[in-house]
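Structure first, commentary second.
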Amino acid sequence: LKQNKEFSFAVSGRRLGGKILQAESLAKAWPLPDGGENRVIADFSYEFKKGERIGVFGDNGSGKTTLLNLLTGNLSPDGGSVSRGDNTVIAYYRQNPELGGDGQTVLEYIKDAAEVISLPDGSTVSASQLLDRFGLDGKIQYSPVTTLSGGERKRVYLVRLLMTNPNFLVLDEPTNDFDIYTMGILEAFLADYAGCLLVVSHDRFFMDRVADTLFILAEDGTVSGFVGTCSEYLVLRAEERAEKEKEEKAARKGTATAAKTVQSASTATAAKAKKRSFKEEKEFGTIEAEIETLENRKAELEALMSGGETDHVKLRALAGEFEKTGAALEEKYARWEYLASFD
């Protein structure tokens, strides 16, 4: 499964031609107070093409927004370059956008981008019609932008971006700003979108519906590729981590067994005289099951924290339990090794 799901980030180095955007050897690091640096993006290369639907996945602080800003030209890289195609039009919905539109009505603000756009099926949509589609109809189109609520202004800003008819659409956490109704309309729009889509979202179900490929950002700044949905990746990651823990557990058992095997004759004789007490024997009979229970719970907590939970109180509680479970697991491992050392 892993081999089938991964893909290469190598680029050919040819002229863009019909390509939308090409990144070559991008690198970015933030300085640390001690004089060192935190490498966020390391040697990222990729050639973006029409019709690709890519989600960006990584833990908080892993550099997702930094990568988007590098690709869209809103942040200068420490190394590498980004080249756009001759006909590339980028629309970037970023977190906490500067909306503008002061002194204009909603419709005037949208028409500043374009009055009509063409859809993939050959039909056209006017600025007013697209506003209607996003629930901004009637009198609201003639209202000053400054009178709108924060959520309405962000919806209007999204429509303005879409009216530029971009062939490279970048969305950074749109689920933070929009209600279920707006997200449903956006998903319907994206279903017919023919350009290249690059999206960051903590909502894995939204990611599943709009992206079929992932960029996976690691702690060391490297970016790997995964062909599949966010949910499929989370399942794979959980399986890999469970396998790793299983191997580590087996290695610890092997180390304990090897240590017993290489004991000197005198130590072995002494060990034979040392037996587990009745209480320790009973504990040894149940400790492996306890370890397995803790390992399973740790994996469940990790999946919950990575599963799109937005309630910060619940996330803190999950993180606290995850830390306590990890500590309890380490104690059980150490205890198992001690009890296993008896003959």
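The values are calculated or read from the model by the stated rules, or taken from the named source; none is laboratory data. Only a predicted model underlies this, so the values are computations on that prediction, with no experimental measurement involved. With ideal geometry, Cβ positions are generated from the backbone for all residues, glycine too; neighbour counts draw on all protein chains shown. Note: areas computed on protein heavy atoms with side chains; ligands, DNA, RNA excluded. Shrake-Rupley method; radii C 1.70, N 1.55, O 1.52, S 1.80 Å.
Can you give the FRET efficiency to the nearest 0.05 for PHE284 and GLU321, using r as the Cβ-Cβ distance and R₀ = 25 Å?
FRET efficiency, PHE284 to GLU321: 0.40.
By how many nm would the segment from GLU115 to THR293 lengthen if fully extended, with 0.36 nm per residue of separation less the alpha-carbon distance?
58.0 nm
Through the Karplus equation 6.51 cos²θ - 1.76 cosθ + 1.60, θ set to phi - 60°, convert the phi angles of region 199-211 into ³J(HN,Hα) values in whole Hz; use x for Gly and Pro.
9, 10, 7, 7, 8, 5, 6, 5, 4, 4, 7, 10, 10
Given an 8 Å cut-off on Cα distances and at least 6 residues of separation, report the relative contact order of region 167-230 as a percent.
Contact order relative to length: 31 percent.
Considering only protein heavy atoms and a probe of 1.4 Å, how much of the accessible area of region 173-229 is carbon and sulfur, as a whole percent?
Roughly 55 percent, rounded to a whole number.
What 222 nm value per residue comes from the helices of the chain, counting each DSSP H run with n ≥ 4 as -39,500 (n - 2.57) and dividing by all residues, nearest 500 deg cm²/dmol?
After summing the helix terms and dividing by the residues of the chain, the value is -14500 deg cm²/dmol.
Amide H to amide H, which residues 5 or more places from ASN167 or on other chains are under 5 Å from it, using H placed in the peptide plane?
For ASN167, the qualifying residues are VAL89.
Does region 90-146 come out rounded, prolate or oblate, given a ≥ b ≥ c as the square roots of the eigenvalues of its C-alpha gyration tensor, rounded meaning a/c under 1.5 and, failing that, prolate meaning a/b above b/c?
Oblate, since a/c reaches 1.5 and b/c is not below a/b.
In nm, to one decimal, how far is the GLU248 label point from the GLU232 one, both placed 7 Å along Cα→Cβ?
Result: 2.8 nm between the two label points.
With no solvent and one equal point scatterer placed on each C-alpha of region 22-147, evaluate the Debye formula and give log10 I(q)/I(0) for q = 0.10, 0.18, 0.20, 0.21 Å⁻¹, two decimals.
-0.51, -1.07, -1.16, -1.21
Which of LYS64/LYS246; LYS244/LYS282; LYS249/LYS332; LYS49/LYS154; LYS282/LYS332 have a Cα-Cα distance over 23 Å?
Those over the limit are LYS64/LYS246; LYS244/LYS282; LYS49/LYS154.
Per residue, what accessible area does the chain have, given a 1.4 Å probe and all protein chains present, in Å²?
Per residue, the chain has an accessible area of 54 Å².
Can you give me the angle between helix 312-340 and the longest principal axis of the chain, using Cα atoms only, in degrees from 0 to 90, rounded to the nearest 10?
With rounding to tens, the tilt is 20 degrees.
How charged is the neighbourhood of ALA114? Take every other residue with its Cβ under 14 Å from the Cβ of ALA114, and add Lys/Arg as +1 and Asp/Glu as -1.
Every neighbour counted, the sum reads -1.
Taking amide H positions as placed 1.01 Å from N in the peptide plane, with prolines and chain starts having none, which residues 5 or more places from SER201, or on another chain, fall under 5 Å of its amide H?
VAL56, GLU173
Once label points are set 7 Å from the Cα along Cα→Cβ at both THR147 and GLU108, what is their separation, rounded to one decimal in nm?
1.3 nm
Along the principal axes of its C-alpha atoms, what lengths does region 109-201 span, in descending order and rounded to whole Å?
Principal axes ranked by extent give 34, 30, 20 Å for the Cα atoms.
What does DSSP give for the chain in terms of the percent of beta bridges that are antiparallel, rounded to the nearest 5?
That works out to approximately 60 percent antiparallel.
Pairs of Cα atoms under 8 Å, at least six residues apart: use those to get the relative contact order of the chain, whole percent.
With pairs under 8 Å counted, the relative contact order is 19 percent.
Enumerate the calculated ³J(HN,Hα) couplings along region 45-50 in order (Karplus 6.51 cos²θ - 1.76 cosθ + 1.60, θ = phi - 60°), each rounded to whole Hz, writing x wherever the residue is Gly or Pro.
Along region 45-50, the couplings run 10, 6, 10, 7, 10, 4 Hz.
Can you pull the percent of Cα pairs in the chain with separation above 38 Å?
35 percent
Can you list residues whose amide H is under 5 Å from GLN104's amide H, if they're 5+ apart or on another chain and H is modeled 1.01 Å from N?
VAL145, THR146
Under a plain spin-label model, where a point goes 7 Å from the Cα along Cα-to-Cβ, how far apart in nm are PHE342 and SER224?
Each label point lies 7 Å from its Cα, and together they span 4.2 nm.
Would you list the P(r) distribution for region 140-247, with all Cα-Cα distances sorted into 5 Å bins from 0 and each bin expressed as a whole %?
2, 9, 17, 20, 17, 12, 9, 5, 4, 2, 1, 1, 0
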